[in-house]
Structures are given as structure tokens and as C-alpha cells.
Amino acid sequence: MESHPIRWCAITLFSLTVFSLSGCAASQKVLQQSFLLAWLPERGDDPADVAHFGPLPSQEIEQLHELSEQAADSDPAVQRRLAVDLAYRLQNEQDPLIRVEVARTLGTLRVSESLESLQQAANDGDPDVRIAVCSSLGQQGGLQAAETLSQIVHSDTNLDVRLAATRELQGFRELPAMQALAVALDDPDPAMQYTAIQSLREVSPVDYGGDVGAWRQFAQGGTPPAIESDSISVAGWLRRRFR
């Protein structure tokens, strides 16, 4: 069995950072419990193995999940330090399942350090991690998140990742988001077109149904005329696509 010193250091660093900076006693107690979870063996584990090799991945994922539920309510100074620690973890963790959870936790931290880490992780080699990054960027909001999601729509080679980025662009009104959704409308895959329409619906005062041309015009800044209500069924549009 291989030891993971980087993993140990990262767990210790970000946990102790939270303890030292948190001003909320309730949050500190929960985070402390989360920290202890990473060090305590599961029933049936050899304590010596846990002490030497570190917690199991399932324990670390549970710790990160609990941390993500509490971190958003922490002081900004705590969030910044925690984001730096998690960024280090994201860059050095070998297990993609843990990287997924780290990326999700970063999404709950509304600080620039978190956004910067997510932007770097958009190039992670595992598509599941990149999908988690898309979700977290959607939580972050703002121009920089929109630009990163737009780049993913344009350039990622994995369809599921591009679909995730297109889906997370819903609600973004920034120009890069609209441009990326216009590109998605021209994608040969019907799922991309459908997801782009669903995202555009969130910011459009008019529902253009399955009229890709009207949605394209809207995404490009135009104001196409409304269409008849019996023509706006996306389900009907998809049925026509697959006849």
C-alpha cells in the first residue's frame, strides 16, 4: 500500500487553517468533527494503517462534502485561506473522485482564489472533474466564470463536459455566454442544441420554442418576433429531428 504525504499535508493544512481563523463556534465545531473524520479509522480498519497511510478515499470525500456545506458561511478570510489549500489539493491529488469533490467544494467559496483554481482545473485530464468544475463555475457567476464556461463550450473534446458548460451558462447575460450559446445552437448534436435553447430560455423574455434561427438571432443580440404558441414545443421539435 502506498503512502500519500501530499494528501496528509493538504488535509492538515486546510483543516487547521479553518480552526485558526473561524470566528463562528458552531461552524468550528462541525469543521473540527469533519477534520477528525479524516483521521479516525472506519470500523474494522487497523488504526496503525490509518495513521500511516491516511484516511480512505470515502472518508476524505465525506470530509470534503461536510466542509462544502459549512464553508460558504465562513468569514471571507477563512474562505480565502481554504481556497488556497484546496487549490493545492486539486493540483496534487491523484484520485479523480476526490478531485471532483474538491472542485465542488471550491464552488461554495465566493472568493477570487476559488475562481482562479476552478479556471485552472477546467483543463483537468478527467472529464468528471471538468463537469464538477462547470457546476462550480455556474455557482460562482460573473464575467470570468462566463468566459471560462464559454471556452469549455468552444474547445472541450468531451460532449458531456460541453453539455455541462452549456447548461451552466443558463442565467448568464454576459456577452461571452451568449456567444457560446450561439455556437452551441449550431452544434450537430441535438442534445447541444436543446441544452443551449434551455439555457437561453432563462434570460429571454420570449419563448421561441424550437426555432433555432430565432434563438440564434436572440443570442446574437437581436429581437426576433414571437412565434405562435402551438409552435414552441421543444419536445415537438426533437420529434421532428429524429423522424
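How large is the charge dipole for the range 73-226, taken about the Cα centre, if only the Cβ atoms of Lys, Arg (+1) and Asp, Glu (-1) carry charge, to the nearest 20 debye? Mind dumping the intermediate values first?
On the way: 12 positive and 22 negative charges, 60 e Å.
So the dipole magnitude of the range 73-226 works out to roughly 280 debye.
How far, in nm, would the chain grow between residue 116 and residue 160 when pulled straight, counting 0.36 nm per residue and subtracting the alpha carbon separation?
On the way: separation 44, 0.36 × 44 = 15.84 nm, distance 2.27 nm.
Taking 0.36 nm per residue and subtracting the Cα distance, the gain is 13.6 nm.
What does the charge add up to near residue 152, with Lys and Arg as +1, Asp and Glu as -1, over the other residues with Cβ less than 12 Å from its Cβ? If you can, show how the numbers build up before the last one.
Numbers: positive: 130, 162, 167; negative: 124, 147, 156, 160, 168.
That works out to -2.
Under the 0.36 nm per residue contour assumption, what length would be gained going from the current alpha-carbon distance of residue 186 and residue 126 to full extension? Walk me through the numbers on the way to the answer.
Numbers: separation 60, 0.36 × 60 = 21.60 nm, distance 2.61 nm.
Length gained, residue 186 through residue 126: 19.0 nm.
Need one number: nm distance between label points at residue 212 and residue 72, each 7 Å from Cα along Cα→Cβ, rounded to one decimal.
Modelled inter-label distance: 3.6 nm.
Run the dipole for the range 117-164 about the Cα centre, Lys and Arg Cβ at +1, Asp and Glu Cβ at -1, nothing else charged, and hand back the magnitude in debye, nearest 20. Provide the component values of the computation, followed by the final result.
Numbers: 2 positive and 6 negative charges, 25 e Å.
That gives the range 117-164 a dipole magnitude of about 120 debye.
Values in this text are rule-based calculations from the coordinates and carry no lab data. Since we're looking at a predicted model, the values are computed, not measured. Neighbour counts are summed over all protein chains in view; Cβ atoms, including those assigned to glycine, are modelled from backbone coordinates with ideal geometry.
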